[in-house]
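Each remark here refers to the structure printed beneath this line.
Derivation of every value follows stated rules applied to the coordinates shown; laboratory data play no part. All figures in this text were calculated on a predicted structure; none of them were measured in a lab. All Cβ positions, even for glycine, are placed from backbone atoms using ideal geometry, and neighbour counts span all protein chains on display.
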Amino acid sequence: MGGYGSGRTLGGARGHVEAYRSLDVRWLHRKGWLRPGIILPLTWSNAQTGEQIASITLRVNDNLIVLSYRHSRDGDDGQHIEEPVEITWTRCAFGGKRGWFVCPACRSRVAILYLGGTHFACRHCYGLAYGCQSEGPADRALRRAQNIRTRLGGSGSLSDTFPWKPKHMRWAMYVRLRTEAELAERKWLAKLDAWLGKLQR
């Protein structure tokens, strides 16, 4: 009985999913990489520098995927781990099927597994929250404005000129997104002005 994660979360303090390496079964399925016989090397990179920070090899069998990776602590050579993860399928309402991971710790059906220690498990087992759950209204507004800018082909920086309409986007959609982004930016800038005012006082 038991096994790692039984009766408690695997992690200690509650962290955010964005800080952990993850595998998304939906992304693997869209890429066509869940077919039996596939052996696939994947890497994680630093979002800012593009530098590779970790790698993993996936071997796909019938309704099973084997994760092969090294787990190191304090700069040592690390421990080689081979972790089998079951995959289950459900039918979609309009045809086709959807894949799910079976969490190795709690046996729940999940779309994403996280590497929060030596093994992969779901966010509930590691006690992880989404970053947006700890954001205030102004922070959510900033994130929304940045997401709209990047969706339109911009950098996401509020100091850059607002992106022009993408070639194949309808004008009505562009105007709606631009209006939404401008309202969100005003909300964020109001918070920033208030914070700067406190500093000056």
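Numerical summary
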| item | result |
| --- | --- |
| L40 paired with F94, simple spin-label distance in nm, labels 7 Å along Cα-to-beta-carbon | 2.4 nm |
| Ratio Rg/Rh, restricted to the range 17-130 and using Cα atoms, in which Rh is the Kirkwood radius | 0.97 |
| Trypsin sites (Lys or Arg not before Pro) restricted to the range 141-180 and DSSP loop, no more than 13 other C-beta within 10 Å | K167, R170 |
| Alpha-carbon radius of gyration plus Dmax, which is the widest Cα pair, for the range 135-196 in Å | 12.0, 40 |
| Percent RCO, i.e. relative contact order, over the range 17-130, from Cα pairs under 8 Å lying at least 6 residues apart | 23 percent |
| Relative contact order (percent, whole number), the range 135-196, Cα cutoff 8 Å, 6+ residue spacing | 43 percent |
| Size of electric dipole in the range 135-196: Cβ of Lys, Arg +1 and of Asp, Glu -1, about Cα centre, debye, nearest 20 | 360 debye |
| Theoretical FRET efficiency, 1/(1+(r/R0)^6), r = Cβ-Cβ of L192 and W164, R0 25 Å, to 0.05 | 0.45 |
| Mean Cα-pair separation over length for the range 76-121, i.e. relative contact order, pairs under 8 Å, 6 or more apart, % | 26 percent |
| Sorted by Cβ neighbour density within 10 Å, fewest at the top, the residues C103, C92, C125 | C92, C103, C125 |
| Separation of the H80 and V175 label points, Cα + 7 Å toward Cβ, nm | 6.3 nm |
